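Heads up, the thing below is written out as structure tokens.
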Amino acid sequence: MPLFTSLVLSALGLVPGALAEKLLASHYTGQVYSLDLAVNGSTGTLKSTSSTGGCGKMPTWLELDSDTGTLYCFDESGAGQQGISGGVATTYSVNTDGSLKQTGQAKTKGGEVHGSFYGGSDGRGFVATVEYDASTLTTFKLPLTSGTQVLQTQKFNMSAPGPNKSRQTAPHPHSVITDPTSKYLIAPDLGADLVRIFSIDATSGQLAACTPGEAGAGDGPRHGTWWAPKSGSTDGQMLYTVNELGNSVSAWKATYPSSGCLTLSKTQTLSTYAEGKTAPTGSKAAEVHVSGNFLYAVNRNDKTFGAKEDSIVTYSIDAASGAITFVEATNAHAWYPRTFAINKAGTLVAVGGQTSSNVAIIQRDASTGKLGDLVANLAIATPGTDGGEDGLSAVIWDE
């Protein structure tokens, strides 16, 4: 072990071989929590070190700009809720101890379920949010202040309801992410069975709609993540989406023409359950992430490992084609896992259980992609109610 690393570990009060990391989590009671994780071998401890408000009544999504130490928090409140008009988008500086200091805030129309920064000279000039109930995508110029005004609103419509009569009566964009070139924004639309694509004018922050990718009827795409065989290259670029209504994941081939828009072509859709097993009634796939040549998705309320213990699913990614293969389902150690994140080293997975209102840290083998035992677990604030919009909403690594 290098001397410098040993000195750092000693300064942290850890023996060589131990690991210290920080995380951030949000809860629908209105608080954002700073967490400390200490791991020694296969065991660890996770504790909450501080909490702060300021992100409205329902903080729903966290996005960290690790280069500048800026945390973006988006507030879902105001979406048709009695007595609440509008929400907020808030920025915080992340201190070295993980604690937060509010640095800016803008009022929004409310109902934001996801957001991401984009554009400008450094990819941080603007922020985009999506509003599930309002069927809109909204953009703002950064930094966020009390005087910030909406830059642009994209209102989505559909001519007829989708196959899922209770969830697809209108467009419902559920997330917005930049592509690896930072030239496009992608917005999976659960209600319209589309993956919407927008080209970015990096200077003005204006978005122009491209031809969307068409998901399977009734799939309900919710979140997405990117993968390519070679880092820094778009050759073989793939997008993977998790489909909430279809309890599945889809692979999309991305094509970057010399002129015109990025296009997405769906190449594959696999269940979030093993072959021969059907999704339990009431289960809903939630989020998807890539680490190395492996893809992961979580199932909410499938109770595969117990009355309050749902599953996380692993797929392998073929390095040549980007095709995915189901590997296994393992214990998410959480009930209704709305959110999860993989650390940069690829050795740990943080799973956020919405209804159980806990953060579970799970071992991951970076070489095989296999998930291992529970390393640490922490209950945060109050548990949610079965099927309710309460409990833990997001967890990310602070790194």
Of Lys57/Lys101; Lys107/Lys141; Lys47/Lys101; Lys22/Lys230; Lys155/Lys266; Lys183/Lys230, which ones are farther than 22 Å apart at the Cα?
Lys22/Lys230; Lys155/Lys266
Using DSSP to define loop residues, name the trypsin sites (Lys or Arg not before Pro) in the range 203-257 whose beta-carbon has at most 13 other beta-carbon atoms within 10 Å.
Lys230
For the chain, what relative contact order do you get, as a whole percent, if you take Cα pairs closer than 8 Å and at least 6 residues apart?
11
Descending packing, highest mean Cβ count within 10 Å first, for 236-243, 24-31, 51-58 is 236-243, 24-31, 51-58
Below 8 Å between Cα atoms, with a sequence gap of 6+, how large is the relative contact order for the range 156-271 in percent?
18
With the other protein chains left in place, how much accessible area per residue, in square angstrom, belongs to the chain at a 1.4 angstrom probe?
41
Assigning unit charges at the beta carbon (Lys, Arg +1; Asp, Glu -1) and nothing else, what dipole magnitude in debye, to the nearest 20, does the chain show about its Cα centre?
320
Counting Lys +1, Arg +1, Asp -1, Glu -1, what net charge surrounds Thr330 among other residues with beta carbon under 13 Å of its beta carbon?
-4
Carbon and sulfur %, accessible surface of the chain computed with the full protein complex present, 1.4 Å:
51
Gyration tensor (alpha-carbon) shape descriptor, the chain, a/c threshold 1.5
rounded
Convex hull per residue volume in Å³, alpha carbons only, for the range 156-271
98
Probe 1.4 Å, all protein chains present, accessible-area order of Ser233, Ser116, largest first:
Ser233, Ser116
Just to verify a number: what accessible area does Ile200 come out at with the full protein assembly present, 1.4 Å probe, Å² rounded to tens?
30
Need the list of aspartates and glutamates near Lys308 for cross-linking: C-alpha distance under 12 angstrom, and skip anything on the same chain fewer than eight residues off.
Asp386
With point charges of +1 on the Cβ of Lys and Arg and -1 on the Cβ of Asp and Glu, referenced to the Cα centre of the chain, which listed residue (Gly125, Ser204, Val327) lies farthest in the positive direction of the dipole?
Ser204
The aspartates and glutamates whose Cα lies under 17 Å from the Cα of Lys344, excluding any fewer than 8 residues away in the same chain, are Glu21, Asp36, Glu63, Asp65, Asp67, Asp365, Asp398, Glu399
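The values are calculated or read from the model by the stated rules, or taken from the named source; none is laboratory data. Since the structure is predicted, the reported quantities are computational estimates derived from the model, not experimental observations. Every residue, glycine as well, gets a Cβ built from its backbone with ideal geometry; the counts of neighbours run over all protein chains shown. What goes into the accessible areas is simple: the full protein's heavy atoms, side chains included, and nothing from ligands, DNA or RNA. Shrake-Rupley method; radii C 1.70, N 1.55, O 1.52, S 1.80 Å.
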